[in-house]
Amino acid sequence: MIKKILIANRGEIACRIIKTCQSMGIKTVAVYSESDSNSLHVKMADESVSIGPSEAIHSYLCIEKLLYACKATKADAVHPGYGFLSENSNFCIELEKVGITFIGPPASSIEAMGDKITSKKIAVEAGVPTVPGYVGIVETAENALKIASQIGYPVMIKASAGGGGKGMRIAFGSSEVLEGFEISQSEAKKSFGDDRIFIEKYIEKPRHIEIQIVGDMFGNFVHLGERECSIQRRNQKIIEESPSPFIDNSVRKEMGLKAISLAKSVNYFSAGTVEFIVDSNQKFYFLEMNTRLQVEHPVTELVYNIDIVKEMINIASGHKLSFSQKSLKRRGWALESRIYAEDALRNFLPSS
């Protein structure tokens with residue numbers, strides 16, 4: 001059993017993980033940058049280690065410093081939370097080299113699902129519906145124009161390594177394809193260091209609905225229903241709720257089974273989320289898989305009365321799931337609202 005967990009994160013998610021560890025009798029280690037030295041997560045943890053300057057690249061994103069913190073405190077496991085290194089397969093591999101447990105899926109699953117083009121190909125092979133489009137890298141704006149006309153307008157131009165709404169543009173005609181391709185490519189290069197682009201059909205009046213799955217190392221899987229995340233601003237989620245007010249029970253069940261099928265196809269274990277886009281007729285298509293805990297996981301926990309972080313820790317310790325699909329009972333409704341701040345005097349630029 002895991003005895004001491006280092007949380008490779010900060011703020012709210014670090015505090016949330018610490019609370020579960022305390023309930024399980026597991027010691028915790030907080031890491032902090034210079035600007036976070038007085039943060040709540042540092043005060044809550046049993047131990048804390050300074051890992052450098054305020055810039056994340058020199059602290060929370062520095063694998064070497066996190067490995068040092070593990071060694072210094074004799075932590076035998078790491079929970080990455082969300083963001084930062086939570087979907088970095090190299091971090092997973094480096095921890096494994098020194099015998100430290102990564103509380104999350106295997107590196108191979110992270111790699112397979114981390115690339116939107118690769119994951120789409122895997123979804124097709126697993127029998128999961130995907131949005132019609134070109135499953136490959138679009139090299140030039142001219143190629144983008146040709147592919148878009150073959151798919152049929154409107155189309156969505158996307159960064160393969162994208163996330164958080166970056167590197168995405170909708171095009172309703174040829175001029176918008178040419179402009180959108182250049183902007184998406186540039187944005188992707190700056191944000192992710194990866195300018196690969198692909199194009200798919202844009203689903204009009206879509207719903208963004210995702211399935212929370214949890215699986216152990218013995219091949220046991222469950223889905224914890226869905227979260228609807230359709231209310232967004234700049235392609236970023238604002239309102240998340242469970243259950244969705246839009247889909248019916250038969251669609252809910254089918255989406256859950258497809259999400260599990262995808263996870264099994266890449267030998268997944270731990271918690272994960274399979275995101276779908278759903279059209280006005282409740283027809284759903286695979287969007288991407290997040291191989292980590294998500295910001296909105298508490299709405300699922302409230303509705304199903306399950307501590308997802310606790311399950312992640314137990315799975316990483318080699319235990320089987322503590323519940324089955326049949327034993328799960330949904331109760332009530334939960335909703336999460338994110339604070340979305342914009343500066344109205346600066347053309348509504350995002351501003352904290």
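Regarding LEU345, is this residue closer than 26 Å to CYS15 by Cβ and over 18 Å from the mean Cα position of the chain (by Cα)? Taking the combined requirement at face value, the residue does not satisfy it. Scanning the range 204-234 for residues that are more than 30 Å from ALA316 (Cβ to Cβ), modelled with pLDDT of 90 or more and not hydroxyl-bearing (Ser, Thr, Tyr), we see that the one that is most open to solvent (accessible area, probe 1.4 Å) is ILE231.
Go through the range 76-120 and count every residue that is closer than 21 Å to GLY162 by Cβ, open to solvent by 30 Å² or more (accessible area, probe 1.4 Å) and free of Cβ contacts under 8 Å to residues at least 60 places away in the same chain. Selection size over the range 76-120: 4. Looking only at residues that are of a type in the set (A, V, I, L, M) and at pLDDT 95 or above in the range 125-143, which one is most open to solvent (accessible area, probe 1.4 Å)? Here the answer is ALA126.
Applying the criterion of at least 2 residues that are small (Gly, Ala, Ser) to the strands (runs of 3 or more DSSP E) found wholly in the range 177-236 leaves 221-233.
Remark: ILE231 falls outside the filter, which requires a residue to be touching a residue at least 12 places away in the same chain (Cβ under 8 Å) and of a type in the set (Val, Ile, Thr). Looking at the range 42-64, can you tell me whether even one residue there is of a type in the set (D, E, K, R), under 25 Å from the mean Cα position of the chain (by Cα) and within 24 Å of MET312 (Cβ to Cβ)? Scanning the range 42-64, I find no residue that is of a type in the set (D, E, K, R), under 25 Å from the mean Cα position of the chain (by Cα) and within 24 Å of MET312 (Cβ to Cβ), so the answer is no. Among the residues of the range 172-210, those identified as among the hydrophobic types (A, V, I, L, M, F, W, C) and more than 29 Å from GLU296 (Cβ to Cβ) are PHE172, VAL177, LEU178, PHE181.
Tally time: how many residues in the range 121-147 are in contact with a strand residue (DSSP E or B) (Cβ under 8 Å, 6 or more places away or on another chain) and touching a residue at least 12 places away in the same chain (Cβ under 8 Å)? The qualifying residues number 14.
Could you grab me the full set of residues in the range 255-276 that are open to solvent by 30 Å² or more (accessible area, probe 1.4 Å) and out of contact with any helix residue (DSSP H, G or I) (no Cβ under 8 Å at 6 or more places or on another chain)? Give the derivation first.
Taking the range 255-276 and keeping what is open to solvent by 30 Å² or more (accessible area, probe 1.4 Å), we get 257-258, 261, 264-265, 267, 269.
Matches in the range 255-276: LEU257, LYS258, SER261, LYS264.
Only one entry in SER54, SER39, SER48 is of a type outside the set (D, E, K, R) and loosely packed, with under 14 Cβ neighbours inside 10 Å, namely SER54. Tell me whether the range 43-55 contains one or more residues that are of a type outside the set (Gly, Ala, Ser) and under 23 Å from GLY272 (Cα atoms). Among the residues of the range 43-55, not one is of a type outside the set (Gly, Ala, Ser) and under 23 Å from GLY272 (Cα atoms), which makes the answer no. In the range 20-44, the residues that are without any contact (Cβ under 8 Å) to a residue 60 or more places away in the chain and in a strand (DSSP E or B) form Cβ pairs under 6 Å with partners that are surrounded by 15 or more Cβ atoms within 10 Å (Cβ to Cβ) and among the acidic types (Asp, Glu), at six or more places apart or across chains, as follows: LYS27/ASP46; THR28/ASP46; VAL29/GLU47.
Whether any residue in the range 83-90 is more than 17 Å from the chain's Cα centre (by Cα), under 24 Å from ALA271 (Cβ atoms) and modelled with pLDDT of 95 or more is what I want to check. The answer is no; no qualifying residue exists. Scanning the range 163-182 for residues that are open to solvent by 60 Å² or more (accessible area, probe 1.4 Å) and either more than 20 Å from the chain's Cα centre (by Cα) or among the β-branched types (Val, Ile, Thr) (or both) turns up ARG169, ILE170, PHE172, SER174, SER175, GLU176, LEU178, GLU179, GLU182.
On the given criteria, is ASN347 over 28 Å from LYS116 (Cα atoms), open to solvent by 40 Å² or more (accessible area, probe 1.4 Å) and free of Cβ contacts under 8 Å to residues at least 24 places away in the same chain? When the stated conditions are applied, ASN347 passes them. So if I check each of LYS320, LYS310, LYS237, which one is open to solvent by 50 Å² or more (accessible area, probe 1.4 Å) and out of contact with any Ser or Thr (no Cβ under 8 Å at 6 or more places or on another chain)? Going through LYS320, LYS310, LYS237 in turn, the sole match is LYS320.
The values are calculated or read from the model by the stated rules, or taken from the named source; none is laboratory data. No experiment lies behind these values; they were computed from the predicted model shown. Note that each Cβ is placed from the backbone with ideal geometry, even for glycine, and that neighbours are counted across all protein chains shown. The protein model used for the area step is the full one, side chains on, heavy atoms only, and it has no ligands, DNA or RNA in it. Shrake-Rupley method; radii C 1.70, N 1.55, O 1.52, S 1.80 Å.
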